[in-house]
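Data first, discussion second: the structure below is written as structure tokens.
The values are calculated or read from the model by the stated rules, or taken from the named source; none is laboratory data. Because the structure is a prediction, the values reported are computed rather than measured. Here Cβ is always computed from backbone atoms with ideal geometry, including for glycine, and neighbour counts include all displayed protein chains.
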Amino acid sequence: MEKQVSKFGWGLLIIALILSAYILPYTILSDVQAWYGSFLVWGIIGVLIIIANIMITRDWGK
């Protein structure tokens, strides 16, 4: 049961990261004129989502 709660938490984190990837560039970073502001945010969020996916799927082979 504890693993299910943990996976649910990771799933919620992924959803929050995906929403922030859409919301942040159009709200907080809207005044940044350079393209690398959004690119940096999307890169960091992408790495965090990859880590969360690894944490969710690490027990699939067992």
Query raised in the report: Got at least one residue in the stretch 20-34 being part of a helix (DSSP H, G or I), touching a residue at least 24 places away in the same chain (Cβ under 8 Å) and among the β-branched types (Val, Ile, Thr)?
Result: no
Query raised in the report: Yes or no: Ala21 surrounded by 13 or more Cβ atoms within 10 Å (Cβ to Cβ) and either more than 17 Å from the chain's Cα centre (by Cα) or not acidic (Asp, Glu) (or both)?
Result: yes
Query raised in the report: So how many residues does the stretch 47-62 have that are part of a helix (DSSP H, G or I) and touching a residue at least 12 places away in the same chain (Cβ under 8 Å)?
Result: 6
Query raised in the report: Can you name the number of the only condition in (1) of a type in the set (Lys, Arg); (2) under 14 Å from Trp10 (Cα atoms); (3) modelled with pLDDT under 80 that Arg58 fails?
Result: (3)
Report summary line: When the stretch 20-62 is checked residue by residue, the ones that are touching a helix residue (DSSP H, G or I) at 6+ places or on another chain (Cβ under 8 Å) and of a type in the set (A, V, I, L, M) are Ala21, Leu24, Leu29, Val32, Val41, Ile45, Leu48, Ile49, Ala52, Met55, Ile56
